[in-house]
Amino acid sequence: AVFGIGLNSVLSLMLMDTYKARDLGILPLKAKNDPTKDLRGWADLGELVGLMLYKLDRPIVLSSRYQTLAPLMFHTLGSPDFAYVNAEGKRLNEYDLWPLPDLTDRLVVYVSEKSVLPTNVRSMFNECTPWHTVGVEEYGIQVRRLSMWICWGRWCFC
């Protein structure tokens, strides 16, 4: 029983901070195999994105990946408007059922974990220009990176 409690305690501590355990050499685990990788970096990214959006006039944050949109909705400072568009033809999810807000005469900030703007998103607007790329590191390891574009003009889901 004592051995079991001790082993569970060590494993729990390692899983709470896998990057620190890897940094100390306790956990020989590559970053892409880390079971906690999807949880990392969102709070810091939400703060950064919120500070960047602060200067814009009523922006709408748009994404075509719900795994990016959902944590940003939760963590972004200032609670801007968010929208999801299935521009890449992926399988349907809950966000496909939400009505899109009127994007006419609104500045749209498209966010993606990829560094390339999808052509379907570019075709929805008159103009899309790269804006910022932000990243978050823990223990010298980049855990999350977002690329952002500012889009405006004609909006249609063509």
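Just a few scattered comments:
- Criterion: on the phi < 0 side of the Ramachandran plot and under 19 Å from the mean Cα position of the chain (by Cα) - qualifying residue of Pro71, Pro101: Pro71
- Residues that are acidic (Asp, Glu) and open to solvent by less than 100 Å² (accessible area, probe 1.4 Å) do occur in segment 105-120.
- Condition check for Val2: farther than 24 Å from Asp102 by Cβ, modelled with pLDDT of 90 or more and over 15 Å from the mean Cα position of the chain (by Cα): yes
- Qualifying residue in segment 138-147 (condition: among the hydrophobic types (A, V, I, L, M, F, W, C), open to solvent by 80 Å² or more (accessible area, probe 1.4 Å), in a strand (DSSP E or B) and within 24 Å of Gly50 (Cβ to Cβ)): no
- Being within 16 Å of the chain's Cα centre (by Cα) and at pLDDT 90 or above is a property that does not hold for Leu77.
- Residue count for segment 108-130 satisfying the condition of being closer than 24 Å to Asp38 by Cα and not in a loop (DSSP other than H, G, I, E, B): 4.
- Boolean, Asp96 is among the charged types (D, E, K, R), in a helix (DSSP H, G or I) and under 17 Å from Ser64 (Cα atoms): yes
- Within the option set Leu72, Leu103, being of a type in the set (A, V, I, L, M, F, W, C) and more than 25 Å from Gly41 (Cβ to Cβ) holds for one residue only, Leu103.
- Residue list for segment 80-96, restricted to those being closer than 21 Å to Leu53 by Cβ and not small (Gly, Ala, Ser): Pro80, Asp81, Phe82, Tyr84, Val85, Tyr95
The values are calculated or read from the model by the stated rules, or taken from the named source; none is laboratory data. If you're wondering where the values come from, they're calculated on a predicted model, not measured in any experiment. Please note: Cβ atoms are built from the backbone with ideal geometry, for glycine as well, and neighbour counts cover all protein chains shown. Just so you know, the surface numbers come from the protein's heavy atoms only, side chains and all, with ligands and any DNA or RNA stripped out. Shrake-Rupley method; radii C 1.70, N 1.55, O 1.52, S 1.80 Å.
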